[in-house]
1. To the nearest 10 degrees, how steeply does helix D:134-144 sit against the main Cα axis of chain D, on a 0 to 90 scale?
2. Out of B:V41, B:H70, B:F100, whose Cα points farthest toward the positive end of the dipole of region B:34-124 (charges: +1 Lys, Arg; -1 Asp, Glu; placed on Cβ)?
3. Shortest first and in nm to one decimal, what separations exist between C:L50 and its copies in the other chains, measuring from label points 7 Å along the Cα-to-beta-carbon line?
4. If you average the alpha carbon positions of region B:109-139 and of region A:21-81, how far apart do those two centres end up, in angstrom?
5. How big, on average over all directions, is the shadow cast by the Cα convex hull of the protein assembly as shown, in nm²?
6. Hey, any idea what % of the protein assembly as shown's accessible area is carbon plus sulfur with a 1.4 Å probe?
7. For chain C, find the longest principal axis of its Cα atoms and tell me its angle to the long axis of helix C:34-49, 0 to 90°, nearest 10.
8. Could you give me the ³J(HN,Hα) list for region A:128-133, computed from phi with Karplus coefficients 6.51, -1.76, 1.60 and θ = phi - 60°, whole Hz, x at Gly and Pro?
4 protein chains.
Amino acid sequence: MKEFSDDLVDYGFSTEVRVRLSETDAVGIVFFGSFASYFDVGRMDYLANLGLNRFGGAVRDLIPGAIVAHETRFKSPARYNDVLTIFVRIAEIGTTSYTFHFKMLNKASSAVVADGSLTIVWMNLEQEPIPVPVAFREVIRQFEGRRLREPRQ
Amino acid sequence: MKEFSDDLVDYGFSTEVRVRLSETDAVGIVFFGSFASYFDVGRMDYLANLGLNRFGGAVRDLIPGAIVAHETRFKSPARYNDVLTIFVRIAEIGTTSYTFHFKMLNKASSAVVADGSLTIVWMNLEQEPIPVPVAFREVIRQFEGRRLREPRQ
Amino acid sequence: MKEFSDDLVDYGFSTEVRVRLSETDAVGIVFFGSFASYFDVGRMDYLANLGLNRFGGAVRDLIPGAIVAHETRFKSPARYNDVLTIFVRIAEIGTTSYTFHFKMLNKASSAVVADGSLTIVWMNLEQEPIPVPVAFREVIRQFEGRRLREPRQ
Amino acid sequence: MKEFSDDLVDYGFSTEVRVRLSETDAVGIVFFGSFASYFDVGRMDYLANLGLNRFGGAVRDLIPGAIVAHETRFKSPARYNDVLTIFVRIAEIGTTSYTFHFKMLNKASSAVVADGSLTIVWMNLEQEPIPVPVAFREVIRQFEGRRLREPRQ
């Protein structure tokens, strides 16, 4: 498991979701799989905020890429109608991949609900990994600044 | 609301689902929207049973069509791990559309859980309604026999 | 199928959702079952707007009731990232049940995406239908005014 | 990220799911969050196979526990109607937690689709971690045998 920063200052962007009934389960709390949708909202809102959701002529805001890894750690339950703040950063960019980190807090109580990551590999139309485009990388680098981990060249 | 036959003999096909935790909600029962997925399983299994899921060179078993109406009546709650039997028929074929009827029973108790319908319009690539192909109609007619309602010609 | 008013003035409340990737399907549009979640958001926001989500000491904003009928008519497809406005009204209150009507529009294009209804029966703890409480009925009556259909007494 | 065994012999149990339309997304493949439901099916079927789903008087087959970590690595896309085999094992039992490992294969092609894990902490009614019951541990130990990792005592 990766380490996710607990310092909210490290997360340059945040967005919100409110828990829907369909996202809860019979245990009475949010189904653990529903967090994938929340992370995805965080990912897409982050990219839209930087004008990257239409990068390279994206079809319907879907940048070509494949999610290759997803992890979530659950810290405290969330329940129906809770408003959750999703803090989002891109923590790493490699040659062909980049990794989002997320931290989700209950907006009312500030309790940490979950943290986690998504790693995406840039793909060509034949579904082969290709380098993250320089223009994309530059926008992320400017936004994330010194917080961004990049492999040495 | 349509009338759905209570006579199970009217349903020439059935399939099963088992309730997953993700399909329940914080009320402790199956979320009402999860029945759409169950009906869809019933629809697709019915078509596959008649060899129609690949009709006309369907891309990935997806016959070209648009769902235009969906209704469900909920009779008794279903819960996590319940096995539900989905009885399926095509009850009507019009010129450009056809309508599935569903009746779902709790397999263990035989209690009726829900019934409902889905109406699909056949579409060309420009998303305009076109007549249901004769070959498709014939297979349904032979399978459903005298139970099938068709408009007079 | 019920008739749903096309006059947006008849809908005294509206709320919004933005289509998430998880709500779309391989056809490339919003999965028809996802509209149940959207209607549910509309229902809950409507009740919260009138202070009724905590009615009678509701547990976690869940008023005791059972959804007994749900219908949707699909008018035009919605796609990933579309913002949808959900217009909501309670159109009928009977002795033990009440019925929401919904009309969903694409916010950018104003195209009608779907309309439909949800009917809920008030329940006691034994899951038996009981009369809609007078205080609940009064709030709805005041909000909906002459648009509200009620059975003659 | 944990290492998940590629040797299918290490997985003493398997079950199957068939991809539903509702589980795909507009990219044309299974939405990455849908794998949580598949893992959950694998988890529950594994426990039911050992008679543990009713362990300790479980309410509706829900053993008291909290999912604290979930990770998935995606190896190749799955598509509508694909049948996926879920190989399941409990790979570790600690004092208060246990960890499932999953490997999912496309049944027709044998391609690895995904692997991953779920870690669950045993809880009392106050939602505090308590030791995994001895009787539960014993059943797992007998089933998993020498493959099971346990902390030294």
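The values are calculated or read from the model by the stated rules, or taken from the named source; none is laboratory data. In this text, all values refer to a predicted model and were calculated from it rather than measured experimentally. Positions of Cβ are backbone-derived with ideal geometry, glycine not excepted, and every protein chain shown enters the neighbour counts. Heads up: the accessible areas ignore ligands, DNA and RNA and are worked out on the full protein's heavy atoms, side chains in. Shrake-Rupley method; radii C 1.70, N 1.55, O 1.52, S 1.80 Å.
1. Approximately 40 degrees, to the nearest 10.
2. In region B:34-124, that residue is B:V41.
3. Its label point is 4.4, 4.5, 5.1 nm from the equivalent points in the other copies.
4. So the two Cα centres are separated by 33 Å.
5. Values: hull surface 120.8 nm².
With the hull built on Cα positions only, its mean projection is 30.2 nm².
6. The nonpolar share, carbon plus sulfur, comes to 51 percent.
7. Between helix and principal axis, roughly 50 degrees.
8. 9, x, 9, x, 4, x
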